[in-house]
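Quick notes on the structure that follows.
The values are calculated or read from the model by the stated rules, or taken from the named source; none is laboratory data. None of the values given here were measured: they were computed from a predicted structure. No Cβ is skipped: glycine too gets one built from the backbone with ideal geometry, and neighbour counts run over all protein chains shown.
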Amino acid sequence: MTSFFRLYLNRLLPQLIALAVIVVAVSLVFPGFLNLEIQNGRLYGSLVDILNRGAPVVLLAIGMTVVIATKGIDLSVGAVMAICGATAAAAITSGHSLAGTLLITLAVGILCGLWNGVLVAVLDIQPIIATLVLMVAGRGIAQLITEGAILTFNDPGLIFIGSGSFAGLPMPVVIWLVFGVLIAMLVRRTALGMLIEAIGVNRQASTLSGVLTPVLLIAAYVLSGLCAAIAGIIAAADIRGADANNAGLWLELDAILAVVVGGTSLLGGRFSIAASVLGAIIIQAINTGILLSGFPPEFNLIIKAAIIVVILVLQSPRFRTAFAFLVPARGASKPSERAAK
Amino acid sequence: MKPKYLPLIATLVIFLLGYALCVAQYPNILSTRVIGNLLTDNAFLGIAAVGMTFVILSGGIDLSIGSVIAFTGVFLAVVLEHSSIHPLVAFAMVLAIATLFGAAMGAIIHYLEMPAFIVTLAGMFLARGMAFVLSIDSIPIKHPFYATLKGLYVKLPGGGRITLIGGLMLLVFAVGILLAHRTRFGTNVYALGGGTATARLMGVPVAATTVRIYALSGLLAGLSGIVFSLYTSAGYSLAAVGVELDAITAVVIGGTLLTGGSGFVAGTFVGTLIQGLIQTYITFDGSLSSWWTKILIGLLLFAFILLQKGIIYVSRHRRQPA
């Protein structure tokens, strides 16, 4: 168990170091960054704020990780967030109970995922294109549901999901923590994770060796749709309304970035949900950090781009083979890591 | 008839049918004025889509187009406001920057063996970020030369006008068609789309071709940015968000295979016009909301993907018995 834990830590080390560097750097510029205080039984502070604001991207990144591990990609998550936010707002304002609203919304998210999954697994369409359809049409559908307006609601139960707190933590943080742990357990405590990686490495070979490829592929996209639905509910509950135009806008790119920062290759195969969650938090820490440190927000995107380029260079196969002799420890840890799985 | 022409013909038929339907409902759509406006309004999208066609033909993707358009607009606005540089010189400068930017992305994609998707995503952030750094405000361009350029047009019978930017789009498509089908570069692009390993074995200079493809896409995105700044007479760092998606959609509706290797620049032209036509119809109707555009375009996209799948399936099964 301890060796398992150490290997786990080994995998997450680059992300943890990156996060630590960012937190230290920001707290040097903005001394109040690390302050935490409890008011009315709820934690407040910049660090909690990062976890809270990052909730939608963390959730999207969880689903995106599994999809990317199958060598796919899901561009539609932002649009699905908008659809689900609109569905939740429309359902609650038309008199459905909170439980009914949540069920309907999650079902819509699953349906969106099912559509993507069928296009990819059954019709054998390239994932980037298959999910592009829903990305383009999705916001139109969301606007159809809200009839072009921003649908607002006052249901205290639904608002609680966006701004309530549980055990001292904001509700969105509790949701992604529980959901993330559940999904990570599901894929790592069973053979599912390994089968998903097998599909990502070689779809044909895994089909030939008896993996139910179509079912698993569809399940991956359904999970991504479900994650987008939860993220959509949180985003809508946060602003107490559904904005079909802006809810989840460009978050698919942030989610993909989070997965890449987390070290999961876009070419499929080995993945780590915990690392992607860390990746999403790193992105949010950068965003919040730039705002807090008084740096002009105009530089936000450039810094983001620079970070992607650095990570890309470090991850690129060419760079790794060229500098493999410099990091023998990393190369040596790989087989043992694989064996542990 | 070769099956490879089928998507192109399908696109053309859909456009003509759609146009006929529009005319049946609103006879005024059949005027050279509407056609002239269709060209002018979609000029920037069409020019960018030509670059995207080459990228997609080679099996890649370029997400940075919209940001490069915004950057170009802001750059021109800032340069023209704060210096006495002639717009033509500023055009040349910004085209050089955009081309180098594209070439750099192509080089990273090839030499670091990274997926085009994530490299151009970084490029998208970088270009948009540079636009933000230049200015976060919408800057009007009041240079007299802009007014001169906007005043240039060719009159069509019936009162329509082909403006400078509309004509420029037609020219870019003509050059694009020649480049794709009549030059060695074009053949290399198609070969790359068929598979990098195969292309290399056939003697295609993979590195040079990849860099050139993304440089071309950058150049055309820059040109599209110039056209966009002429069209709006302003530079704004939040402009042209999502144009890359519209361009990809135009390419796919135009019948180009997204896995690369098969398609036509001319198809992209029709694909651009179809999107413009849907927009025009909704403007003419007045009661339909603009979100129907997105849903209709999504449906068209889906239909074309299915059509392509069907063609691949049929042609594979036709070949097998022989």
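For the stretch A:13-93, please list each of the helices (runs of 4 or more DSSP H) lying entirely inside it that holds at least 2 residues being in contact with a strand residue (DSSP E or B) (Cβ under 6 Å, 6 or more places away or on another chain).
Numbers: elements: A:46-53, A:55-69, A:77-93.
Correct list: A:77-93.
Selection of the stretch B:173-184 for residues being surrounded by 14 or more Cβ atoms within 10 Å (Cβ to Cβ) and either over 23 Å from B:Y231 (Cα atoms) or in contact with a Leu (Cβ under 7 Å, 6 or more places away or on another chain) (or both) yields B:I177, B:L179, B:A180. Taking the stretch A:75-115 as the range and being within 12 Å of A:A229 (Cβ to Cβ) and among the β-branched types (V, I, T) as the test, the residues that pass are A:V77, A:V80, A:I83, A:T87, A:T101, A:I104, A:T105, A:V108, A:I110.
Count, please, the residues in the stretch A:235-284 that happen to be within 29 Å of A:V24 (Cβ to Cβ) and not charged (D, E, K, R). Of the residues in the stretch A:235-284, 28 are within 29 Å of A:V24 (Cβ to Cβ) and not charged (D, E, K, R).
Just one of the listed residues (A:A130, A:A107, A:A137) is hydrophobic (A, V, I, L, M, F, W, C), out of contact with any strand residue (DSSP E or B) (no Cβ under 9 Å at 6 or more places or on another chain), without any contact (Cβ under 8 Å) to a residue 60 or more places away in the chain and more than 14 Å from chain B (Cβ to nearest Cβ), and it is A:A107. Within the stretch B:119-138, the set of residues being buried (at least 21 other Cβ atoms within 10 Å of the Cβ) and either within 13 Å of B:D62 (Cα to Cα) or of a type in the set (G, A, S) (or both) comprises B:V119, B:T120, B:L121, B:A122, B:G123, B:M124, B:F125, B:A127, B:G129, B:A131. The condition (being more than 14 Å from chain A (Cβ to nearest Cβ), within 26 Å of B:V206 (Cα to Cα) and surrounded by fewer than 23 Cβ atoms within 10 Å (Cβ to Cβ)) is satisfied by just one residue among B:L88, B:L100, B:L112, B:L80: B:L100. Residues that are touching a strand residue (DSSP E or B) at 6+ places or on another chain (Cβ under 8 Å), closer than 23 Å to A:M135 by Cα and modelled with pLDDT of 90 or more: does the stretch A:254-276 have at least one? No, that holds for no residue.
Of these, B:L38, B:L45, which one is surrounded by fewer than 23 Cβ atoms within 10 Å (Cβ to Cβ) and either within 29 Å of B:T232 (Cα to Cα) or hydrophobic (A, V, I, L, M, F, W, C) (or both)? The conditions single out B:L38. Regarding the stretch B:241-250, can at least one residue be identified that is in a helix (DSSP H, G or I) and touching a Phe, Trp or Tyr at 6+ places or on another chain (Cβ under 8 Å)? Checked against the condition, which is being in a helix (DSSP H, G or I) and touching a Phe, Trp or Tyr at 6+ places or on another chain (Cβ under 8 Å), the stretch B:241-250 yields at least one hit. Within the stretch A:94-113, track down each residue that is in a helix (DSSP H, G or I), more than 18 Å from the chain's Cα centre (by Cα) and not hydroxyl-bearing (S, T, Y). If the condition is that a residue be in a helix (DSSP H, G or I), more than 18 Å from the chain's Cα centre (by Cα) and not hydroxyl-bearing (S, T, Y), then A:L98, A:A99, A:G100, A:L102, A:L103, A:I104, A:A107, A:V108, A:L111 are the ones that fit. Can you find a residue in the stretch A:126-144 that is modelled with pLDDT of 90 or more, of a type in the set (S, T, Y) and crowded, with 21+ Cβ neighbours inside 10 Å? Yes, the stretch A:126-144 has at least one match.
Could you tell me whether any residue of the stretch B:269-283 is at the interface with chain A (Cβ under 9 Å from one of its Cβ atoms), in a helix (DSSP H, G or I) and modelled with pLDDT of 85 or more? So far as the stretch B:269-283 goes, no, none of its residues is at the interface with chain A (Cβ under 9 Å from one of its Cβ atoms), in a helix (DSSP H, G or I) and modelled with pLDDT of 85 or more.
Part of a helix (DSSP H, G or I) and within 14 Å of the chain's Cα centre (by Cα), is that true of B:A266?
Answer is yes for this residue.
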